Amino acid sequence: MVNEKLYAGAHAPFWHNGSSIRAKSYNVIMAALPAALMGIYLYGVPALRVLALAVSSAMIWEWLVNRVMRKPTTIGDCNAAVIGLLLGMLFPATMPWYAVILGTLLAIVVGKQIYGGIGCNPFNPTLVAYAMLLLSWKGLLDFDAMLVNYDFGVNMVYPIGALKHFGPEVIEEYRLTDLFMGRQAGAIGATFGLGLIIGGLYLIIRGYIRWEIAVSFLAGVFVTALLFNAANPAKYGGPVFHLLSGYTLIGAFFLVTEDSSSPVNFVPMLIYGAGAGFLTVLIRNVGFFVDGVVFAILMMNLTNPLLDKIRPKALGRRIDYA
Amino acid sequence: MINRSFFSLTKPNMAYPALKFDREDVVEIPLPSKAQLYVNGSYAAAEGNGFRVGERVKTGQRIGLSGGGGESIVSPVTASISEISSFTGYMGQTLTVVAFDVENKDVWDDEFSASKEMPLLKRIERFLGCLPGQADFSSLLGFLPLETIVIYGIDKDFLISTNRCVVQTRLEDILQGIEVLKKIFGECRMILLVPSGYGLQAERTGVEVRALNPAYPELLPKVLMHRLFGKEVPAGSRCEELGVGFMSAEAAANLGTAFTGSRIPVHKMLTVIKKDGSLVNVRARIGTPVREILNTLKIETRSGDRLVLGGPMTGLSVYSEETPVLADTDALMIQDGRGAARFSDTHCVNCGECVRVCPARIPVNMLIRVLENGMYEEAVETYDLLSCVECGLCSFVCIARIPIFHYVMLGKYEYDRMKTAEGSNG
């Protein structure tokens, strides 16, 4: 018996398709790179500084929280790096260091770890941190004030803010191709529309984000903006402008699709995405905030558990008609 | 191993991979010097039934536990009983392990051949309740009359080619078996499932043949019910309750040979899946320890490797080479411990891969949350635990590598235990 070979016990299935959270995180980071690199190209070293600080501090916070809570170290799944990178991409290039570090602290601790870590967060951690910063230091996320020293040779007023404050006639001053190619004032990683779309399509094709959510979000933004615009063109901007400005595209492909806070069934995904798109334009057009993406997604995160109750009937489920 | 495809817009296509045979012929495993048999029921019950250590049994001799009727366990070898012990099975069943010191020469017991006068159904219940290829054949008899019997000439799990091989080599025996089945079940519809490409050969026999080229898990009985007959089996029920029985081609063939040869079949065909994924079909005496197969095929293993009875998705891993080949062991998979899939204790990240891949449309993302917290009743009532068809795809695709299938089976076991306890207390 002593010399008997012992085989490892395990439960079926004995195969796995090889996917992992880490691979998913790497792919999300890779998909975000075109937009992030464009931000670094446009804003130079300050943008690189913000992104590097955001990613590294997010990972350090994750590690520290793991240590303090005496849990296994989860920094290896790179989810913290994704959260940090996305948060950095939402900031202006001149964001002060303490705000970046505080932002990642809020994202990792308040947004994610206090609920129990990856998968347990009811809200998108990146957006929780962003919303708290926005409510606390409005000036730090005011792109007109923060980017006052930058000039790309185009109108450097933050487009979605200009629309809000001056009405649709100022839209004429922005060329849609400029907006699409990143020649606009804005956050580091949210202005390069082409890059975000390429990254988003990559994630959709690889199956790392759900097309249902991204597409329905964009459709929600487009249709709602179109209706507003049709109702009163003198007051509300057109749908394409809404798609290409603010956080719409980064929201569609990187924020609204966050796994833990979004539904998994087909119809709920459509409702969730479209609802977030609708709320985005509603906040932009009649709400208080300049950009509605952040709060729209957080609001829809709330509805996620309820929405996922809409699901197909399981095989052989008996329905009791009481 | 099937890896995640690069493009995965929709749910993965789980086509059966092409089979890669090491050698075409069926390798005969020599008669082992020691054999074991697992019998349902407890050791205490066994003692009262004249089943003692040191007793000599002949090949094909009935060693029923509960003294006539019910269990129809047949000794596969001529041997003396060397040990009787008890063992707890996968879902908590109490099993009795009977170990044999095998004699080189088979001496056949003649009770079966002498029982030709016995009514057919009684004879089958008494001697053939546990057929190689279908250990619980007797439970199928409990559902008489059946409308349809589906005979699997394809194997459900990946890489197994046992029944495929039986259709190729023992078609005559299968037809004999079908004749017997017709006598038992009356005029019920018989459907023989074969892999596409084998259809023509099988159709010449005049049996209703369906040639399929399915993707996993379409061959699992409950999924197949839906595909072939458009019927949904209610959660927690069996297909037989809807009048459809399932049988393996090997069991049908063995039923046939039992009547043509007047001997109870004691051999099992199984596919050996080697570490590199290549296959060999072997024919072994029931009760043969796995070690004999490894030795005959010269397969090197070491501690930490996995030995799996069954296929890669639904098999059962065992820790010892002494584990015997049983009547429903369709495959033996040897997996290198270093490359084997490992599970983790990460939380569900709610990516939804399992929900999309589940053939039973179970909200697996919610189910795993309640199962992790031991809320088995809620799992059954709200999250459709009993709808599970046990394919294992949820664990297979999980990016957090949660052992979902393991949790599901634990949940079913615990729920069953709870119901049993309530029943006996109430």
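Can you tell me the equivalent ellipsoid semi-axes for segment B:114-261? Use √(5λ) from the Cα gyration tensor, largest first, whole Å.
Working: eigenvalues 109, 73, 35 Å².
Output for segment B:114-261: semi-axes of 23, 19, 13 Å.
Could you work out how far the C-alpha centroid of segment A:192-223 sits from that of segment B:191-250, in angstrom?
What the calculation gives is 41 Å, centre to centre.
Report Rg (one decimal) and Dmax (nearest whole number) for segment B:336-417, counting Cα atoms only, units Å.
Just the Cα atoms of segment B:336-417 yield Rg and Dmax of 12.2, 40 Å.
Give me the inter-chain shielding for B:381-392: mean count of other chain Cβ atoms within 10 Å, whole number please.
On the way: counts 0, 1, 2, 6, 1, 5, 6, 3, 2, 1, 2, 5.
Mean number of neighbouring Cβ atoms from other chains: 3.
For chain B, just give the cysteines left without a disulfide-compatible partner, judged by no other Cys Cβ under 4.7 Å.
Cysteines of chain B left without a disulfide-compatible partner: B:130, B:165, B:188, B:239, B:348, B:351, B:358, B:388, B:391, B:398.
What translational D, rounded to a whole number of µm²/s, comes out for chain A from Stokes-Einstein when the hydrodynamic radius is the Kirkwood one over Cα pairs, at 10 °C and 1.306 mPa s? Each step should come with its number before you reach the end.
On the way: Rh = 20.6 Å.
Using the Kirkwood radius from Cα pairs, D works out to 77 µm²/s.
Report the semi-axes of the equivalent ellipsoid for segment B:286-389 in whole Å, largest first, where each axis is √(5λ) for an eigenvalue λ of the Cα gyration tensor. List each step's numbers first, then the result.
On the way: eigenvalues 241, 54, 29 Å².
For segment B:286-389, the semi-axes come out at 35, 16, 12 Å.
Taking amide H positions as placed 1.01 Å from N in the peptide plane, with prolines and chain starts having none, which residues 5 or more places from residue A:12, or on another chain, fall under 5 Å of its amide H?
Here B:317 satisfy the definition.
Using +1 on the beta carbon of Lys and Arg, -1 on that of Asp and Glu, and nothing else charged, what's the dipole of chain A about the Cα centre, debye to 20? Mind dumping the intermediate values first?
Values: 21 positive and 16 negative charges, 192 e Å.
In total the dipole reaches around 920 debye.
How far, in degrees from 0 to 90, does helix A:79-90 lean away from the longest principal axis of the Cα atoms of chain A, to the nearest 10?
0 degrees
Quick one: net charge around residue A:268, please, counting Lys, Arg +1 and Asp, Glu -1 for every other residue with C-beta under 12 Å from its C-beta. List each step's numbers first, then the result.
Numbers: positive: A:210, A:309, A:311; negative: A:212, A:308.
Summing Lys and Arg as +1 and Asp and Glu as -1 gives +1.
With no solvent and one point per C-alpha, what does the Debye sum give as log10 I(q)/I(0) for the protein assembly as shown at q = 0.05, 0.10 Å⁻¹?
Cα-only, vacuum Debye calculation for the protein assembly as shown: -0.35, -0.99.
Stretched out fully, how many nm does the piece from residue B:172 to residue B:276 gain, at 0.36 nm a residue minus the Cα gap? Provide the component values of the computation, followed by the final result.
Numbers: separation 104, 0.36 × 104 = 37.44 nm, distance 3.35 nm.
Computed gain between residue B:172 and residue B:276 is 34.1 nm.
Please tell me the relative contact order of segment B:219-336 in percent, rounded to the nearest whole number, where contacts are Cα pairs under 8 Å and at least six residues apart.
Working: 150 pairs, mean separation 26.9, N = 118.
Taking the mean separation of contacting Cα pairs over the length of segment B:219-336, I get 23 percent.
Which one of B:52, B:23, B:401 has the biggest mean-square fluctuation once chain B is modelled by GNM with Cα springs under 10 Å?
B:23
In the structure shown, do any of A:24/A:71; B:222/B:298; A:313/B:412; B:274/B:419; B:105/B:298 have a Cα-Cα gap over 31 Å, and if so which? Intermediate values should be presented prior to the final figure.
Details: A:24/A:71 22 Å; B:222/B:298 38 Å; A:313/B:412 20 Å; B:274/B:419 41 Å; B:105/B:298 25 Å.
Cα-Cα > 31 Å for B:222/B:298; B:274/B:419; rest within.
If each residue's Cβ is checked for other Cβ atoms within 10 Å, how do B:82, B:317, B:248, A:262 rank with the fewest at the top?
Details: B:82 15, B:317 20, B:248 24, A:262 28.
Arranged by neighbour count, lowest to highest, B:82, B:317, B:248, A:262 become B:82, B:317, B:248, A:262.
Can you pull out the chymotrypsin sites (Phe, Trp or Tyr not before Pro) in segment B:358-426 whose DSSP state is coil and whose Cβ has at most 13 other Cβ atoms within 10 Å? Present the calculation step by step, with values, prior to reporting the outcome.
Values: sites: B:376, B:383, B:396, B:405, B:407, B:413, B:415; in loops: B:383.
In loop regions of segment B:358-426 (DSSP not H, G, I, E or B), there are no sparsely surrounded chymotrypsin sites (Phe, Trp or Tyr not before Pro).
Counting pairs of alpha carbon atoms under 8 Å apart in space and at least six apart in sequence, what relative contact order in percent does chain A give?
Values: 521 pairs, mean separation 56.0, N = 322.
For chain A, the relative contact order is 17 percent.
Report relative contact order for chain B in percent, whole number only (criteria: Cα-Cα under 8 Å, sequence separation at least 6).
Values: 817 pairs, mean separation 71.3, N = 426.
Taking the mean separation of contacting Cα pairs over the length of chain B, I get 17 percent.
So if we plug the beta-carbon distance of residue B:410 and residue A:152 into 1/(1 + (r/R0)^6) with R0 = 51 Å, what FRET efficiency do we get, rounded to 0.05?
Working: r = 60 Å, r/R0 = 1.17.
Efficiency at R0 = 51 Å is approximately 0.30.
Of the options A:250, A:25, A:53, report the single residue whose Cα projects farthest towards the positive end of the charge dipole of chain A (beta-carbon charges: Lys, Arg +1; Asp, Glu -1).
A:25
Would you work out which of B:382, A:293, B:121 lies farthest towards the positive end of the dipole of the protein assembly as shown? Charges go on Cβ: Lys and Arg +1, Asp and Glu -1.
A:293
Once you list every other residue whose beta carbon is under 13 Å from the beta carbon of residue B:142, what net charge do they have if Lys and Arg are +1 and Asp and Glu are -1? Please list the in-between numbers first.
Values: positive: B:238; negative: B:125, B:136, B:240, B:241.
Taking every Cβ under 13 Å from that of residue B:142, the sum is -3.
Where the convex hull is taken over the Cα atoms of segment B:267-335, what is its projected area averaged over directions, in nm²? Can you show the working numbers first?
Details: hull surface 16.0 nm².
For segment B:267-335, averaging the hull's shadow over all directions gives 4.0 nm².
Report, as an integer, the average count of C-beta atoms from other chains found within 10 Å of each Cβ along A:261-273. Provide the component values of the computation, followed by the final result.
On the way: counts 1, 3, 4, 11, 6, 3, 0, 0, 1, 0, 0, 0, 0.
Across the residues of A:261-273, the mean count of other-chain Cβ atoms within 10 Å is 2.
Rounding to the nearest 20 debye, state how big the charge dipole of chain B is about its Cα centre with +1 on each Lys and Arg Cβ and -1 on each Asp and Glu Cβ.
Numbers: 45 positive and 51 negative charges, 145 e Å.
Result for chain B is approximately 700 debye, rounded to the nearest 20.
What is the sum of charges around residue A:245, taking Lys and Arg as +1, Asp and Glu as -1, for the other residues whose C-beta is under 13 Å from the C-beta of residue A:245?
Values: positive: A:164, A:175, A:183, A:284; negative: A:173, A:178, A:291.
Net charge around residue A:245: +1.
Relative to the first principal axis of the alpha-carbon coordinates of chain A, what is the inclination of helix A:211-231, with its axis defined by its Cα atoms, in degrees from 0 to 90 and to the nearest 10?
The answer is roughly 20 degrees.
Taking the Cα centre of segment B:286-426 as the origin and placing charges on Cβ (Lys, Arg +1; Asp, Glu -1), which of B:341, B:355, B:425 is farthest toward the positive end of the dipole?
Checking the options against the dipole of segment B:286-426, the answer is B:341.
Other chains' Cβ within 10 Å of B:305-315 residues: what's the mean? Don't skip to the answer; put the middle values down first.
Numbers: counts 4, 5, 4, 5, 0, 2, 4, 5, 4, 3, 5.
Counting Cβ atoms of other protein chains within 10 Å of each residue's Cβ and averaging gives 4.
Only bridges whose two residues both fall in the protein assembly as shown count here: according to DSSP, what percent of them are antiparallel, nearest 5? Numbers along the way, then the final one.
Values: 36 of 58 bridges.
Antiparallel bridges: around 60 percent, rounded to the nearest 5.
Values in this text are rule-based calculations from the coordinates and carry no lab data. Bear in mind the structure is a predicted one, so any value in this text is a computation, not a measurement. Ideal geometry is used to build each Cβ from the backbone, glycine not excepted, and the neighbour counts take in all protein chains shown.
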